[in-house]
Amino acid sequence: MTIRAVVLIAALLGCGAASAQGREGWGGGFERADTNGDGLVSREEFLAARAGQFGKRDRNGDGYFDKTDLGERAAARPRIEQALHAMMSQDTDQDGKVSKDEFVAGGAKIFDLADADHNGSLDKKELEAAKAALKERAAQRAAGAHMPKQLTANS
């Protein structure tokens, strides 16, 4: 899994240092995203959940996510700066803000990266693997280690 993949997955999962909006993560979000109750999250379910998350990030309701949605206190925290960078990596038109369309499109990339078996759906194991990669990356960054191009030999 590449570092860019980890950053994109972090932006979706909302866990670790990459959470701009607290610690909601996917701890229960998996069940909410699995709208048909089959124990898997399809691409469509994933993108619908992603679209639903946008409103939580667009705190000022202007239809975009940018630094102004963080507030002054949050924006001054180092971890929040990392999260902002993760979110802004989805600013495909480079206008300094992330629209809902850009956010959802970023979700499609995240889904493809997290779908390790490429079967068109995510199970809890795949999401847990993505979280584990994030934790490993965070531990390496905290230790000041240089990040390799690949986090695991399997990627």
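Data for the structure
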{"read-out": "Selection count, the stretch 85-100, where residues are free of Cβ contacts under 8 Å to residues at least 60 places away in the same chain and in a loop (DSSP other than H, G, I, E, B)", "value": "7"}
{"read-out": "Filter result (touching a helix residue (DSSP H, G or I) at 6+ places or on another chain (Cβ under 8 Å) and either of a type outside the set (G, A, S) or outside any helix (DSSP H, G or I) (or both)) within the stretch 101-117", "value": "F103, V104, K109, I110, F111, L113, D115, A116, D117"}
{"read-out": "Verdict on G106 being more than 21 Å from R32 (Cα to Cα) and at pLDDT below 90", "value": "no"}
{"read-out": "When residues of the stretch 85-99 are limited to those that are of a type in the set (D, E, K, R) and surrounded by fewer than 17 Cβ atoms within 10 Å (Cβ to Cβ), the one farthest from L47 (Cα to Cα)", "value": "D95"}
{"read-out": "Residue in the stretch 118-128 that is of a type in the set (D, E, K, R), exposed (fewer than 14 other Cβ atoms within 10 Å of the Cβ) and farther than 12 Å from R43 by Cβ present", "value": "yes"}
{"read-out": "Some residue of the stretch 72-84 being modelled with pLDDT under 90 and outside any helix (DSSP H, G or I)", "value": "yes"}
{"read-out": "Cβ pairs under 7 Å, 6+ apart, first in the stretch 52-75 and on the phi < 0 side of the Ramachandran plot and aromatic (F, W, Y), second surrounded by 15 or more Cβ atoms within 10 Å (Cβ to Cβ) and modelled with pLDDT under 90", "value": "F65/R57; F65/M87"}
{"read-out": "Selected residue (criterion: surrounded by the most Cβ atoms within 10 Å (Cβ to Cβ)) from residues of the stretch 44-84 that are among the acidic types (D, E) and farther than 19 Å from K109 by Cα", "value": "D69"}
{"read-out": "Test: A20 is surrounded by 14 or more Cβ atoms within 10 Å (Cβ to Cβ), more than 19 Å from A129 (Cα to Cα) and at pLDDT 75 or above", "value": "no"}
{"read-out": "Members of the stretch 41-82 found to be more than 21 Å from Q94 (Cα to Cα) and among the charged types (D, E, K, R), listed by number", "value": "R43, E44, E45, K56, E72, R73, R77, R79"}
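The values are calculated or read from the model by the stated rules, or taken from the named source; none is laboratory data. All values reported here derive from a predicted model rather than from experimental measurement. Every residue, glycine as well, gets a Cβ built from its backbone with ideal geometry; the counts of neighbours run over all protein chains shown.
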